[in-house]
1. Give the residue that is surrounded by the most Cβ atoms within 10 Å (Cβ to Cβ), with candidates limited to residues of the range 95-126 that are acidic (Asp, Glu) and in a helix (DSSP H, G or I).
2. Whether any residue in the range 7-15 is under 20 Å from the mean Cα position of the chain (by Cα), surrounded by 16 or more Cβ atoms within 10 Å (Cβ to Cβ), closer than 19 Å to GLY228 by Cβ and free of Cβ contacts under 8 Å to residues at least 12 places away in the same chain is what I want to check.
3. Those residues that are hydroxyl-bearing (Ser, Thr, Tyr) and over 17 Å from GLN236 (Cβ atoms), I need them from the range 78-119; list them, please.
4. Of (1) surrounded by fewer than 23 Cβ atoms within 10 Å (Cβ to Cβ); (2) assigned to a helix (DSSP H, G or I); (3) touching a residue at least 24 places away in the same chain (Cβ under 8 Å), LYS251 satisfies all except one. Which?
5. Here's a check for you: in the range 61-77, which residue that is farther than 25 Å from TRP233 by Cα and in contact (Cβ under 8 Å) with a residue 40 or more places away in the chain is surrounded by the fewest Cβ atoms within 10 Å (Cβ to Cβ)?
6. What's the number of the only condition in (1) surrounded by fewer than 23 Cβ atoms within 10 Å (Cβ to Cβ); (2) under 19 Å from the mean Cα position of the chain (by Cα) that PHE195 fails to meet?
Amino acid sequence: MCVIRSFAIAFSTYSRIPMPQVEWSEENRKYAMCFFPLIGAVIGLLMWGWLWLCDVLGSGVLLRGAVGALLPILVTGGIHMDGFMDTSDALASWQSRERRLEILKDSHVGAFAVMGCTGYLLLSAALLGEAAVADGPMLLCAFVISRAMSAWALAAFKSARPKGMLDSFAQAAHKRMVTIGCIVYAALCALVWVFCGGWLALVYLLTAALCLAYYRRMAYKHFGGVTGDLAGWLVQVTELALTAVIVLGGKL
């Protein structure tokens, strides 16, 4: 039952998919991050289905890309985009580490957050407008591995805010199981990429690894560790970077 409750907590926290209410206890949250990447699988399946439907209906690239860019936000409720926007504001402030952490908690939206979100959605829509149905399985893996890396970073990286939401998950998480689960997700994604993309799988894996390495460097240097907002930034940046290499790589 603990595993089922962890599943429900993961989906109710990081998606808008209806789930039964469960007690928010440390025991019930123990395996929540193990199920976090499955939300990416749901998004990926919907994206794949949308690309197929666009082909069937003969939809233009504008509609194809616009809906594709909005699909992840509709499923997640924008929780990761919110982190991306807050992080954009904090990084652009060029303030002290303490002030940057305060900006992450600030409910107000700054100019750099708006510009960052607008630019992100435009680029995402442009890329997905060029995506083919054959890219569906590889894009699905992009949504999965971005969350697997974010979950693993929770277990492996230092927290910048000891009493934040991310840290509460970290304290409750069964870190060994989270690590094993994320390795399994990454391995499955790598197999799909090799099967569907051939040698380009190396490019996809390298892109994901570079995103994670930069994330750790940025988080430690500017914030003293990771936070929930920074974790959202990692998910968004990794998804966009992988979408770019998958769609553009498919044209080679």
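Every read-out reported here was derived from the displayed coordinates using simple, explicitly stated rules and does not represent laboratory data. Please read these numbers as outputs of a predicted model, since none were measured by experiment. Methodologically, a virtual Cβ is constructed for each residue, glycine included, from the backbone with ideal geometry; neighbour enumeration extends over all protein chains shown.
1. Among those residues, the one meeting the criterion is GLU102.
2. yes
3. SER93, SER96, SER107
4. (2)
5. Top of the filtered list is LEU62.
6. Result: PHE195 fails condition (2) only.
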